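Each remark here refers to the structure printed beneath this line.
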Amino acid sequence: MVGTDAYPDWEAVYRDNVERVYRLMFAKVGNRPDAEDLTTEVFLLALKPLRVSASTGEVRAYLLATARTVLATHWRRTLGREITALDEERDVAVLEAGTEDPGKLARAEAILAELPDRYGRILRLRFLEACSLKEAAAELGITVGNAKVLQHRALRQAAAVAERMGT
């Protein structure tokens, strides 16, 4: 952890914030590979416009704003529409403390139970077991392209189930 006034260099900005940004992304997407990729995107996007002389609070606020943009782009790219409503207070809490909602797994299991078996299986492999698309495809005995389509359809249906359940 560096001082609260300003960071001495970009490496200090990265070291002090990478775990926070990763925890936020993992809390939103639920799997390690996507969370790592999105964390990288956040820092790549923030690198150019962010001043290293900015205060620690300003840096964290900027990284949070950048993380929201990256996450919205990810959901649009993945689902073809934005499905997340980002709660700034909760996101700041995750970014700062790294706490996770203890009921999240139970909600995910309830949603998965409502899906057809293949949809539930692809989502469980990808997001609960943190398998890559290639690993999930191999486990299901399908091509990677088919796994992508299956995941896309499963996520859409899971979003509809979650909406219906009020989660």
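Quick one: which residues, 5 or more positions from C131 or on another chain, have an amide H under 5 Å from its amide H? H modelled 1.01 Å from N in the peptide plane, none for Pro or chain starts.
Amide H neighbours of C131, under 5 Å, 5+ apart: R126.
Tell me, what ³J(HN,Hα) does each residue in the stretch 44-55 have, in order and in whole Hz, if you take phi through Karplus 6.51 cos²θ - 1.76 cosθ + 1.60 with θ = phi - 60° and put x for Gly and Pro?
My calculation for the stretch 44-55 gives 5, 6, 7, 4, 6, x, 7, 7, 5, 7, 5, 5 Hz in order.
Given 0.36 nm per residue, what is the gain on full extension from L45 to I142 after removing their alpha carbon distance, in nm?
The span from L45 to I142 would gain 31.4 nm if fully extended.
Spin-label point model (7 Å from Cα, Cβ direction): what's the E19 to A72 distance in nm?
3.0 nm
Each reported figure results from applying straightforward, stated rules to the coordinates on display, with no laboratory input. This structure is a prediction, so every number in the text was calculated from the model and none was measured. Positions of Cβ are generated from backbone atoms using ideal geometry, with glycine treated the same way; all protein chains shown enter the neighbour counts.
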